[in-house]
Amino acid sequence: MTNYLDLSIAELHQLLKAKTIKPLDLVLEALKRIEENDLNAFITLDKEGAIAEAKALETEEVDNLLYGLPIAIKDNIVTNGMRTTCASKMLEDFVPVYDATVVEKLRKKHAIIIGKTNMDEFAMGSTGETSYFKAAVNPWNPDKVTGGSSSGSAAAVSGRLCAFALGSDTGGSIRQPASFCGLVGLKPTYGRVSRYGLLAFASSLDQIGPMTKTVADNAHVLAAIAGRDESDLTSGHQPVDNYTEYLGKDPKGMRIAVPRYYMSETIHHEVREAVEDVMKLLCDRGVTVDYVDIPYMEYAIPLYQVIALGEASSNLARYDGLRYGHLTKDYHDIESLYKKTRAEGFGHEVKRRIMIGSYVLSGKNADIYYTKALKVRKALTEHFQKILADYDLIIGPTNTNVAYNVGTKMDDALKSFYDDILTIPVNMAGLPGMSLPIGFNHEALPIGMHIIGNYYEEGKMYQLASYIEQALQLDTNPRGRKSC
């Protein structure tokens, strides 16, 4: 079969514009790959809708880079008329009646949504294994986790099942699976992309972002989905940059900070060495690279457990079975209806997080835990701002290690949180963060590097990332899948 979906967005655009291929060719290739590759990346596929849309686009003018491309959307972003489950029994049959703002923007670009991707239930997890629909499979090695919670989006893009996908990131849920699957994953500045239509986990941390094969692809997608949205009052007013102008620009003269916390003995030596190699590459190019200290980084996990889970317990209170979603059949009064509906509808990890969140917000605990956590969050943010006043960007590993074996952390309530120990601080501060593949370990598993920028300065991140990508020239198409 054809291998068009191995190509970049720009390459696909040229083929479509020249009429060498049609949108239908790409859609049929995507659907065939999904059928033939058992990655469990999708919860819902819209085969008939995607084919019909592709045929309708054949007579239209190819007027933008995303035109006619088959894409995937994480299943916590609502799509009008297409099932949106959050990978939960609670919303197994939920069909929204409107599009999220990001979906609306992509539809206007005539991108073709082929389906909704698998994920950790309600985005709660770091491996994809909490999904009610079973875990997505890592295309690099089926015995390894994909990372999460945007597991299906990562598997779909890494497995070349679509041109690109959207994910959401609350504490690392785009960047961590991007790292594990050899992708470029961006969590934009909080407010850069509208959250309208994103089913909330932790409202002050959640952010939608692109997961792509290349840095340039990522810049193209961010440009399409970014911008102010009156339906989301937390979205920013800053104009959207022409991110492609930063691609290929020489990073010489940039100042880069590397937090010592990110390069400690906690980080596996292969990951640390890969980052050190990039640091040397940058120094040789005339980039200043300094080690720095950022206080409060070590409190990332307890901060996340208090703030994110507190907000989650509040956001998920709406799922009671009365208006939409799962409704128990075994009840005798309103209290038993509510209890049994939630007990049946939510999985173990979601219930655990709701319980913790309810505890930290109850009575005096709100002052003891939540209010104090907000103060530490503010202090951490201020320290990030001080560093970014003197440096253009911050870099380090995305994760402490590469993808690990399936089932490794399912028995420990704390272990999965530590997957995001290096990514959570970025969400706490509302800064943009990107994971970029920079090499492979001894098992040929991808290693991701973390790039952190100042507010609304994603352009600088693309500048540095595109230089590194070009210099390293990595083959990030999973081995043995090129002819899928």
Residue within the range 271-284 that is in contact with a Phe, Trp or Tyr (Cβ under 7 Å, 6 or more places away or on another chain) and open to solvent by less than 80 Å² (accessible area, probe 1.4 Å) present: no
Which numbered condition N441 misses (of (1) surrounded by 20 or more Cβ atoms within 10 Å (Cβ to Cβ); (2) at pLDDT 95 or above; (3) of a type in the set (S, T, N, Q)): (1)
Among the candidates A87, A52, A100, A72, residue that is free of Cβ contacts under 8 Å to residues at least 40 places away in the same chain and of a type outside the set (S, T, N, Q): A52
Test for L183: is it of a type outside the set (D, E, K, R), within 8 Å of the chain's Cα centre (by Cα) and surrounded by 24 or more Cβ atoms within 10 Å (Cβ to Cβ): no
Unique residue being in a loop (DSSP other than H, G, I, E, B), under 18 Å from the mean Cα position of the chain (by Cα), at pLDDT 95 or above and crowded, with 19+ Cβ neighbours inside 10 Å when the list is L436, L422: L422
Within the range 446-474, tally of residues that are aliphatic (A, V, I, L, M), crowded, with 21+ Cβ neighbours inside 10 Å and outside any helix (DSSP H, G or I): 4
Residue match in the range 313-335 (condition: open to solvent by less than 80 Å² (accessible area, probe 1.4 Å), more than 26 Å from L199 (Cα to Cα) and part of a loop (DSSP other than H, G, I, E, B)): yes
Filtered residues of the range 39-61 (kept if at pLDDT 95 or above, more than 26 Å from the chain's Cα centre (by Cα) and not acidic (D, E)): I51, A52, A54, K55, A56, L57
Test: P210 is part of a strand (DSSP E or B) and either open to solvent by less than 10 Å² (accessible area, probe 1.4 Å) or touching a Cys at 6+ places or on another chain (Cβ under 7 Å) (or both): yes
Residues being part of a loop (DSSP other than H, G, I, E, B) and farther than 28 Å from V193 by Cβ - total across the range 251-278: 7
Inter-residue pairs, beta-carbon under 7 Å, first more than 18 Å from E129 (Cα to Cα) and in the range 336-361, second among the aliphatic types (A, V, I, L, M) and outside any helix (DSSP H, G or I), 6+ apart: T341/L327
Filter pass, K55 being open to solvent by 70 Å² or more (accessible area, probe 1.4 Å) and on the phi > 0 side of the Ramachandran plot: no
Residue match in the range 291-301 (condition: β-branched (V, I, T) and farther than 25 Å from V426 by Cβ): no
Hey, G248 within 30 Å of L5 (Cβ to Cβ), of a type outside the set (A, V, I, L, M, F, W, C) and open to solvent by 50 Å² or more (accessible area, probe 1.4 Å) or not: yes
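The values are calculated or read from the model by the stated rules, or taken from the named source; none is laboratory data. From a predicted model like this one, the values you see are computed outputs, not experimental measurements. Neighbour counts run over all protein chains shown; Cβ positions are idealised from the backbone, glycine included. What goes into the accessible areas is simple: the full protein's heavy atoms, side chains included, and nothing from ligands, DNA or RNA. Shrake-Rupley method; radii C 1.70, N 1.55, O 1.52, S 1.80 Å.
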